[in-house]
Amino acid sequence: MKLRRLEAADAPAFQRLRIEGFALQPREFRYAPEDEADMPLTEVAARLARDFVVGVFQGDTLVGIAGLTRHGGVKINHKALLWGMYLRAEFRGEGGADMLMSAILDHARGRVEIVTLTAMKDNPRALAFYRRWGFVAYGAEPAAVKYEGSYFDETLMSLRLG
């Protein structure tokens with residue numbers, strides 16, 4: 001597997017992978033496939049140009065993604081949000097998620113002091129992964145997501161960078 005920052009030209013593959021993740025793991029993400037499918041590729045490309053988004057490739061195929069968005073505003077620009085982390089199931093356990101996280105945190109260091117994220121409270125694999133990287137839960141948002149009539153809580157996590 002190889003990793004690189006995604007560019008505007010990667011927008012179609014990036015969008016397809018996000019839609020796949022939302023469809024295959026509807027209870028792990030706060031967005032639904034139609035949220036991403038309705039987004040024009042020009043907007044997806046603009047997101048890739050604006051945010052720091054990395055992808056893991058197996059050959060020429062994008063199999064994993066993660067993004068980092070720095071908060072705007074004088075009082076909160078010391079923080080960034082890690083979002084959209086997804087790795088196809090068949091590539092889990094091979095180091096791809098660690099490659100994504102390492103790239104995100106390497107980029108964040110020297111730019112921000114704190115990286116935040118949210119993860120579904122009932123996603124123990126994701127929570128354990130983030131804890132292994134030093135993220136600490138600092139709260140929960142009850143009923144953060146409503147899907148098929150059920151509510152799901154999100155765990156709020158942060159990592160202070162040295």
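The values are calculated or read from the model by the stated rules, or taken from the named source; none is laboratory data. Note that the structure is a prediction, hence the values are computed from the model and not measured. Every residue, glycine as well, gets a Cβ built from its backbone with ideal geometry; the counts of neighbours run over all protein chains shown. Only protein heavy atoms, including side chains, enter the accessible area calculation; ligands, DNA and RNA are left aside. Shrake-Rupley method; radii C 1.70, N 1.55, O 1.52, S 1.80 Å.
Could you work out what % of the accessible surface of region 1-109 is carbon and sulfur, using a 1.4 angstrom probe and leaving DNA, RNA and ligands out of the count?
Using a 1.4 Å probe with all protein chains present, region 1-109 comes out at 52 percent carbon and sulfur.
Going toward the positive end of the dipole of region 19-162, with +1 on Lys and Arg Cβ and -1 on Asp and Glu Cβ, which of SER102, LEU161, TRP83 do you reach last?
Positive-most Cα among the choices belongs to LEU161.
Any idea how far the Cα center of region 50-81 sits from the one of region 123-155, in Å?
A separation of 19 Å, based on Cα centres.
So for the pair ALA89, GLN58, with labels modelled 7 Å out along Cα→Cβ, what separation do we get in nm?
That separation, rounded to one decimal, is 1.3 nm.
Counting other Cβ atoms within 10 Å, keep those with at most 12, restrict to DSSP loop, and tell me which GluC sites (Glu not before Pro) in region 61-123 are left.
none
Which lysines does LYS121 reach when only Cα atoms under 16 Å apart count, and residues fewer than 8 places away in its own chain are ignored?
Reachable lysines: LYS146.
Okay, which of region 21-52 sit inside 17 Å, backbone N to the point 7 Å along the Cα-Cβ direction of ARG111?
Flagged as within label range: 45-52.
Just to confirm, what accessible area per residue do you get for the chain at 1.4 Å probe, in whole Å²?
Accessible surface, normalised per residue, equals 54 Å².
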